[in-house]
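Report on the structure given below.
Every read-out reported here was derived from the displayed coordinates using simple, explicitly stated rules and does not represent laboratory data. Note that the structure is predicted; figures quoted are calculated from it, not measured. Using ideal geometry, Cβ is built from the backbone for each residue, glycine included, and neighbour counts are taken over all protein chains shown.
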Amino acid sequence: MRRRSLLCLAGAAAANLVLPTTSRAEPAACEVPPELLEVSVKLPHLAERLGARQPVTIVAVGGASTKGAAAGPPDLAYPHRLQVALAAYYPAVPIVVFNKGVPRQSTQQMVERFPTDVIAEDPILVVWEAGISDAVRGIEIDDFAAALQAGIDQAKNRAIDIVLVDMQFSRRTSTVINFEQYLNALRRVGDLNEVYLFPRFEMMRYWSEQNVFNFDEVAEDERARLAAKVYDCIGRTLAQAIRTAVE
Amino acid sequence: MPEPSTPRDLRLDFFRGVSLILIFIDHIPENILSYFTLQAVAFFDAAEVFIFISGFTAALVYGRRLADKGALYATAQVLRRAWQLYVAHIFLFVLFIAEVSYTATVFNNPMYNEEMRVTDFLEEPHIAVIKALLLEFQPNFLDILPLYILMLVIFPAILLGMQRHWLLVLVPSAIVYLIVQIFDISVPAYPEGHVWYFNPLAWQFLFVAGAVLGNRLTQGKSLAGPMRLVYPVAATVFLAAFTVKVSWTIHGVWEPFPGLFLKELWPVNKNNLSPIRLVTFFALVLLVATLVPRQARFLGSAAARPLVQCGQQSLEIFCLGILLSALGHFILAEYDSATVMQLAVNAAGIAMMFLTAKMIDWYKALDRMPVPQPAAARRGDKVAR
């Protein structure tokens, strides 16, 4: 349940011992403890495409943090950063990542637009960022889990690989929104379906604890730039995880 | 109020006290101690214990008042209690508003602006406040008191119904519960799209079941006979559920360990009080009622005393627990959430709950104490005059 947070605490402690200053000095490196980048499941369909050097279409579906308006134009949002990072890993393969982020939608509402927004693009991989609006709205866990299952089934039935992305972390929102049971539900659904869950929440918690990205001490006009950096790190680490899953 | 003829059943106070402490622990998100509460080993959690015992004790306390002083008096007493709870709930709500407003003011991260709209209601306070007064606005963790208040409001009807025949109350209650299970009905709340976290149409059954059981016992009905028959079944059900749930908890921490029947049974619905929760909880009630006798010596021990006192002052301690868990979480989020700090927050919170219960107990004892001397002096005065 809270396995990742325990690991993360250990990781944070270890990083403090080994690298007392680097994380502060090089925020652009997007470092995370290695446990957070462990991937135990495979993405077979994507691996096949990449192996055959055929064009790859990825759809990123999700909410406001997928759309990425906080950073500015869409090429600063994490889906585009993912495309850039993947292109660097696989220069011989044409890769495109479509951004289908629509703010303030529940997971059920996202599933309802799967046919038009996701399936219609004929992707080989779906990156599905879900759970924030459900937690904010207090959607029943059963309904949340059922919606996730419906989306995963749609993708699997069409031989599309799927990666789940959990919530954004913020120290302060955690006092007013209870993400815990929604995070547990995401982990459990991923576990039961053998679907990879990208631990964005724990990564952002780690960056917050390491003071890599601190919005508190930043002037207002700087904040969009900082948001773009976070999105860039999310895109890069996600690309790293995907590379591990296709190897 | 203990009476010489029927000494207070300390088991009720003790286990209600335990449930209040567990609710406090579970309400601090990501609390390391919550690995050691009921929810880690059972399909149900402290909320079931609290609601069930509340129904049970309500039947004992107000049943006696009904017998002594009539229906009108008993009803007035129940409604007075409901009013106290309502006021406590509004007080907690005001504190919640303060916390959210503070968070909204100091929060300046654009990445959350669009989605983390927990502060939306601050844009329409005229509606939000009315919805809170109507119990329709139930922020995080302020959701169990509205259920309890509603249960007390309907309790006079339950009490009078039980006086005629207990089945008159239990059967309709069970039917409503079953309808909720079959048709998945929920009760809408505020803001739009929210529901009552503890669906009162489902959870009422647990409260009523507790009340009916309490009522049967005050009527002098012994349940020892049927209990002995069901005991082996209850033990089997509880142990099976325990094994399954513990396997899930271990699986959550260490993936290679298999989660038994995870695919078949998860998720277990809490909002509508899933039958798995209900049945396994009743199994535990049976086991505890059988294994822990009323005269059990530990109930009177010094070690059990703080928990018994918490259970006896349940309204105050419940509210304090909610307040302390919010405060504790706030401290962990704002300053430091390391394990040592978590343990310190837990320990401080529990100590404050114990101390407050002790203080209220002491205060009430003083209140009850007869004051003979001034009366005697006054009589003496009169004589002298």
Under a 5 Å amide H to amide H cut-off, with H placed in plane at 1.01 Å, what residues pair with A:ASP166 once short-range neighbours are removed? A:PHE198, A:ARG200, A:PHE201
Neighbouring partner chain Cβ atoms per residue of B:261-269, average, 10 Å criterion: 4
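Assuming a viscosity of 1.306 mPa s and a temperature of 10 °C, what translational diffusion coefficient in µm² per second does Stokes-Einstein assign to the protein assembly as shown, Rh being the Kirkwood radius over Cα pairs? Please report the intermediate quantities before stating the final value.
Numbers: Rh = 27.0 Å.
Reported coefficient: 59 µm²/s.
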Along the charge dipole of chain A, which of A:VAL111, A:ALA77, A:GLY101 sits closest to the positive end, that is, farthest toward it, with unit charges on the beta carbon of Lys, Arg, Asp and Glu (+1, +1, -1, -1)? A:ALA77
So, with points 7 Å from each Cα along the Cβ direction, the B:VAL230-B:SER247 label distance in nm works out to 2.7 nm
Packing-based ranking, highest mean first, of A:203-213, B:200-210, B:79-89 given that Cβ atoms within 10 Å are counted: B:200-210, A:203-213, B:79-89
3J(HN,Hα) from dihedral phi, region B:39-56, Karplus parametrisation 6.51/-1.76/1.60, rounded to Hz, x for glycine, proline: 4, 7, 10, 9, 6, 9, 9, 5, 4, 4, 4, 5, 5, 5, 5, 4, x, 4
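How much net charge surrounds A:LYS67 when only other residues with a Cβ under 13 Å from its Cβ are counted (Lys, Arg +1; Asp, Glu -1)? Don't skip to the end; give the middle numbers.
On the way: positive: A:LYS100, A:ARG104; negative: A:ASP75, A:ASP117, A:GLU129, B:GLU114, B:GLU115.
It works out to a net charge of -3.
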For region B:336-347, 3J(HN,Hα) per residue [Karplus equation, 6.51 cos²θ - 1.76 cosθ + 1.60, θ = phi - 60°, Hz, x = Gly/Pro]: 7, 10, 4, 4, 4, 5, 4, 5, 5, 4, 4, 4
Hey, could you pull the Cα Rg and Dmax for region B:239-385, both in Å? 24.2, 89
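Of A:LYS100/A:LYS229; A:LYS67/B:LYS131; A:LYS156/B:LYS263, which sit over 28 Å apart, Cα to Cα? Write down the numbers at each step before the final one.
On the way: A:LYS100/A:LYS229 20 Å; A:LYS67/B:LYS131 33 Å; A:LYS156/B:LYS263 17 Å.
Flagged as over cut-off: A:LYS67/B:LYS131.
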Rg to Rh for region B:224-291: what is it, with Cα atoms only and Rh by Kirkwood? 1.06
If you add up the charges near B:LYS263, with Lys and Arg at +1 and Asp and Glu at -1, over every other residue whose beta carbon is less than 12 angstrom from its beta carbon, what do you get? -2
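With Kirkwood's inverse mean 1/r over C-alpha pairs for Rh, give me the Rg to Rh ratio of region B:48-221, two decimals please.
Working: Rg = 19.1 Å, Rh = 17.8 Å.
We get a ratio of 1.07 for region B:48-221.
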Reachable aspartates and glutamates, given that their alpha-carbon falls under 16 Å from the alpha-carbon of B:LYS69 and they are not under 8 places away in the same chain: B:GLU3
Value of relative contact order over chain A, rounded to a whole percent, pairs C-alpha under 8 Å and six or more apart: 28 percent
Amide H to amide H, which residues 5 or more places from A:PHE98 or on other chains are under 5 Å from it, using H placed in the peptide plane? A:ILE58, A:VAL59, A:ALA60
As straight-line cross-link partners of B:LYS270, the qualifying lysines (C-alpha separation under 17 Å, not fewer than 8 residues apart within one chain) are B:LYS245
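Assigning unit charges at the beta carbon (Lys, Arg +1; Asp, Glu -1) and nothing else, what dipole magnitude in debye, to the nearest 20, does the protein assembly as shown show about its Cα centre? Walk me through the intermediate numbers first.
Details: 54 positive and 56 negative charges, 613 e Å.
The dipole of the protein assembly as shown has a size of about 2940 debye.
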Expressed as a percent, the portion of alpha-carbon pairs in chain B spaced more than 26 Å apart is 59 percent
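If you take each beta carbon of peptide B:244-251 and count the beta carbons of other chains within 10 angstrom, what is the mean?
Shielding by partners across B:244-251 averages 1.
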Based only on the alpha carbon positions, what is the Kirkwood hydrodynamic radius of chain A, in angstrom? 18.3 Å
Under the definition of Cα pairs under 8 Å and six or more residues apart, what whole-number percent is the relative contact order of region B:243-383? 17 percent
Interchain or sequence-distant (5+) residues whose placed amide H lies within less than 5 Å of the amide H of B:GLN313 are none
Over what distance in Å are the Cα centres of region B:207-247 and region A:137-215 separated? 38 Å
Shielding by other protein chains, A:140-152, mean Cβ within 10 Å: 3
So if R0 is 41 Å, what FRET efficiency would A:ILE119 and B:LEU239 give, r being the distance between their Cβ atoms, rounded to the nearest 0.05? 0.30
